[in-house]
Structures are given as C-alpha cells and as structure tokens.
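Peer 1: So that we are looking at the same thing, I have put the structure below in structure tokens.
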Amino acid sequence: MRTEDHGAKEFLENLLDSLEGGVLAVDRNMRVTAFNRAAEEITGLKREEVLGKACDQLLKGDLCLEECLVKKAMETGETVYSYEIMITNKAGEKIPVNVSTSALRSSGNEIIGAVENFRDLTKHKGLWEKLREERNRAQQYLNIAGVIIVAIDEKGRITLINRKGCEVLGYKEEEIIGKDWYDLCVPERVREKRKAAFRSVMAGEEKEVEDYENIIVTKSGEERIIAWHNTTLVDEKGLIIGTLSSGEDITKRKETEVELIRAEKLTSLGQLAASVAHEVNNPLAGILVYTALLLKKYQAKKLQSEETENQLLKMKKELERTSRIIRNLLDFSRQSDADMRPVEINKVVEAAVLLVKHQINLENIKLELRLNQELPVVSAGFDQIQQVLINLLLNAIQAMPEGGQLSVTTSVAKNIRIGEALKNTVRVDVTDTGIGIPKENLGKLFTPFFTTKEKGKGVGLGLPVVHGIIERHKGKIEVCSEVNRGTTFTIYLEAMDGQEGDYPRR
C-alpha cells in the first residue's frame, strides 16, 4: 500500500511539474502543501524551502495584507479567476503574476485547502509596455493633427478623441470618453434625426456619407460648423462596429463666406438699381397720366364710362407689375442663410430674370427662356440660387455690349458625376452670344480677385462666390466658351427623390 501511495504521489508531482504555469497548494492553515517546478523557476525558491511554510511569508504578495483571495476561495468555494498581483522572489525582486485561485476539495467534497495557478507576466508586461508605447506614439500623432479625430462604437459611444477634438468641444478627454456622442455633442433640435441615421448605418441599411458638414454643440453651449470625412469600422468578420471621423472646424470660414456672399449681393444690387429704377418709373409715369385724366373726368362728372374702366384696369396692372418688381428686389436684397428646402428651379429662374429684364431690353438683347415644365424639385436655398443666376445673367449682359441673344434653359440630366458619385440632376444653362472668354482664362474664372473687366467694373469675386454657393449645394458648375462666339455656364443641382434633403450624419 505504501508503494502504491508513493507511486501516486510521484505521479502527481510529475504531473504538476509538467505544467507550464506555477502551482501552489495550501491547507486550511495557509501552509504550503504543493509547489511545482514552474513555481520554483518563477520565485527562485526550492520546493523543500517552502513546504509547510505560510504562503504569505514566502511570496509576500501585495494582496496578502488586504483581501486574501486564497482565503476567500476557501470560504466561498468559488474560483477567483485571472487577477494580477505583485509577489517578491527569493532575490527580493518584484514580479507581476496573473493568478487564478480555486478551493481544493477532498473525495467527500469537503474544502481542505486551496490551489493557485500563476503565470509570470514579466515577458507579457514587456509586450504590454511596447503596446502602450505604440499607443502613446499613435496618440501623439493624433494630438498633433490639426483636425478633430473621433471614433464612435456601434452604440454611439465615444471610444477615441484627440486633443484638437477636446479643444473644439471644450471637454477634457476623461469627460468625453465613453459618453454618447449624440447626447453630448449634437444640438437637441436635430439629435433624434441624426441618431436614427446613425442606427441605419450601423445596421447596414444605409452607407455612411463620406463627406458632409453639420453643426455640433460644445460644452459651453456654443454651436460650431464642422466639415467631416468619415469611414465605417468593421471587425475581422466584416461586421460594422463603429465609425472613425476627421472633422475641420469651418465656423470662421463659413462666417467669412457669408460676408462675401452679402458683399457680392450688394454689388449685384448696385448694378440692378438703375435698371430697376427705370423699370419702376415707366409704370408710375403711366399711372400719373391716367390719374390726371381721371381727375379731369371727375371734375367734368364723366367718370362712369367704359374708357374710365379701361384706364383703371391699366393702372391696376401697372401697379401690380411695380409691386412685383419691388417685392422681388426686396426679397433678393434681404440677408438670409441658405435655408435648404424643396425648390422649383423654374421659379428661381423667373424671379432672377424679372430683376434684370429691363437691363436686357436696354442693351438690345433678345431673351429666350426654354424651361422644362416637368422638372423634379431640388434641395436648395432659393435666395442663393437666385443670386447665382443674377450674377450669370449680368455677366452675360456685360459680355454683349452691342446686343445679342441670351438664353436660359432648364432640363433633366441623369448620371452626372459630382465628386465621386453619379447623380440625377436638374440642369440650368445660361448662354450668351457675347465676346467669349480666352481659353487661357477659363481655368482662372473661379479664382478670387481674377477679372478681365475694366478697372472699377469688378473686383473678381462674383464667379468665385457663384462657385462656392453651388459647391455648398452639393452641385457642380461648368463653363464652355469660344472667343467672339459666346459663353455657356452650366449648373447641375441634385434632384430630390421625393424626400426633403438632409446632409447630417455625425
């Protein structure tokens, strides 16, 4: 029997020694009853040095004086998995180890001690340290970036943000990591709409829009305009797990653009003023004549006649025309943002033409409107697109000092490439038979302060403003010209699919 016991004990010791991790067993009095070869290598202690000794005196773990998890395992019978402690080896060096502790039971299921399995984390710690260094280096790269960089998981929680993002938003990193992006950084009036759009992207129902602009709200409650570039993040199985975005704060640039648009609008108003004055003066002069005639008839008690009725109807018609011109001019002159809404492009064309029609007539120019009556609507700012058309019409008029023909055509244009996408669009062509533009100047037309006009006739901001407005409408503008033959400016604006346009995602 003793030989069998000795054989079983030797087998158990060999089995323990074959394990990669250190194994230490203690009895109910916390005395060491087993200590394998891996435990010897990790601690520097020999088995004969530790057997029967108190484990806390041998390893001096940093939890021994606080909450002893070995005792906890014996008291509760539950395993304590994978916790880290620091132990002290024979040489007095601190060693990080990962430990799992379980209760040790007899054949009768009685708890008679505990067993610890522990691994030396020194090598692993070195790897973690390298990973930590790489992470810190990557964070430094993110922090020197001059744009916001933010990552959001599939629940909308912020998992990463760089220093620029914290600066713009006004939060410290620890205040923002783990928080819901939409609850923290999106204005309340659009929060639910953007959340719904994000959920659709995470569910794979919609593709993430790569580039767009929208508004965020800072810690102080200030709103900022951000131009975003986005990509979805996927795991090794191809499942969407979040988004990564870089964003540039363009609030000041937007404010400058608004001022530039207003300045160009004032320039256009100055050019229109004289023409509109003449346009309004003509019906007013006619009304004065009819008023004088009616006054004479009143004095002669001859008002009740068919001729009087005709004169009054003419007065009414002229007053309505005057009122329409003045109202359109006032609408154009007011300061307004690009309020994106469904717009019928033909109505914008008609409103723009009304303001320049008298000037067209004065310059001996024949106007032709070819407006497709079956156009889809576009998502646009009515006033800003009107400003674009007035600018192009005035340029066309100035290009025909000896008169000519001016045409405005609207049509449907499908599969037009705008940026990286093919889009169905509404197309507007403004064509003149004027002096044309030299080929070497075509590429400079949308450059600020470039102008071919005489000194005092323009500062070269009209077409750059036009280009900027069309870009902000996610559209495109092209120009085709031949010297002494004429010029055509073509605008493409994306057609709506029956739903109101909306560009926010983040």
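The values are calculated or read from the model by the stated rules, or taken from the named source; none is laboratory data. Because the structure is a prediction, the values reported are computed rather than measured. Neighbour counts run over all protein chains shown; Cβ positions are idealised from the backbone, glycine included. Only protein heavy atoms, including side chains, enter the accessible area calculation; ligands, DNA and RNA are left aside. Shrake-Rupley method; radii C 1.70, N 1.55, O 1.52, S 1.80 Å.
Peer 1: Given a Förster distance of 41 Å, report the FRET efficiency between THR159 and GLU67 from their Cβ-Cβ distance, rounded to the nearest 0.05.
Peer 2: After rounding, the FRET efficiency stands at 0.80.
Peer 1: Moving to a separate point now. Give the calculated FRET efficiency between THR256 and LEU442 to the nearest 0.05, with a Förster radius of 22 Å applied to their Cβ-Cβ distance.
Peer 2: 0.25
Peer 1: In whole percent, and with a 1.4 Å probe on the protein chains, what portion of the accessible area of region 383-438 is carbon and sulfur?
Peer 2: Reported share for carbon and sulfur atoms: 50 percent.
Peer 1: Per residue of region 77-94, in order, report the coupling 6.51 cos²θ - 1.76 cosθ + 1.60 (Karplus, θ = phi - 60°) as ³J(HN,Hα) in whole Hz, putting x for Gly and Pro.
Peer 2: Couplings: x, 9, 7, 9, 8, 6, 10, 10, 9, 10, 10, 10, 7, 4, 7, x, 8, 7 Hz.
Peer 1: While we're on this one: Determine the distance separating the Cα centre of region 349-381 from the Cα centre of region 161-196; give it in Å without decimals.
Peer 2: What the calculation gives is 45 Å, centre to centre.
Peer 1: A follow-up question, please. How much solvent-accessible surface does CYS185 expose, in Å² to the nearest 10, with a 1.4 Å probe and all protein chains in place?
Peer 2: Accessible area, nearest 10 Å²: 0 Å².
Peer 1: To the nearest 10 square angstrom, what accessible area does HIS229 show with a 1.4 Å probe?
Peer 2: 90 Å²
Peer 1: Using a ≥ b ≥ c from the Cα gyration tensor of region 139-237 (square roots of the eigenvalues), is it rounded, prolate or oblate, where a/c under 1.5 gives rounded and otherwise the larger of a/b and b/c decides, a/b for prolate?
Peer 2: Oblate, because a/c is 1.5 or more while a/b does not exceed b/c.
Peer 1: What are the ³J(HN,Hα) couplings of region 213-223, residue after residue, when phi is run through the Karplus curve with 6.51, -1.76, 1.60 and θ = phi - 60°? Round to Hz, x for glycine and proline.
Peer 2: 10, 7, 9, 10, 10, 8, 4, 7, x, 6, 9
Peer 1: Also: Hey, can you grab everything whose amide H is under 5 Å from the amide H of LYS53? Only 5+ residues off in sequence or another chain; H modelled, so Pro and N-termini drop out.
Peer 2: VAL32
Peer 1: Right, next: Find the accessible area per residue for region 33-124; the probe is 1.4 Å, ligands and nucleic acids are left out, and the unit is Å².
Peer 2: Normalised by residue count, the accessible surface of region 33-124 is 58 Å².
Peer 1: Would you calculate the separation in nanometres between label points at GLU93 and ALA54, each defined as 7 Å from the Cα along the Cα-to-beta-carbon direction?
Peer 2: 2.8 nm
Peer 1: Among 238-248, 360-370, 377-387, how do they line up by average Cβ neighbours within 10 Å per residue, starting with the highest?
Peer 2: Ranking, from highest mean packing down: 377-387, 238-248, 360-370.
Peer 1: So who's got an amide H within less than 5 Å of the one on ILE85, skipping anything under 5 residues away but keeping other chains? H placed 1.01 Å off N, in plane.
Peer 2: VAL97, VAL99
Peer 1: Convert each backbone phi in region 104-114 into a coupling constant with the Karplus relation 6.51 cos²θ - 1.76 cosθ + 1.60 (shift: θ = phi - 60°), then list the ³J(HN,Hα) values in order as whole Hz, x for Gly and Pro.
Peer 2: With coefficients 6.51, -1.76 and 1.60, one gets 9, 10, 7, 4, x, 6, 8, 6, 10, x, 8 Hz.
Peer 1: Compute the signed sum of charges (Lys and Arg +1, Asp and Glu -1) over the other residues within less than 9 Å, Cβ to Cβ, of LEU142.
Peer 2: Taking every other residue near LEU142 into account, the sum is +2.
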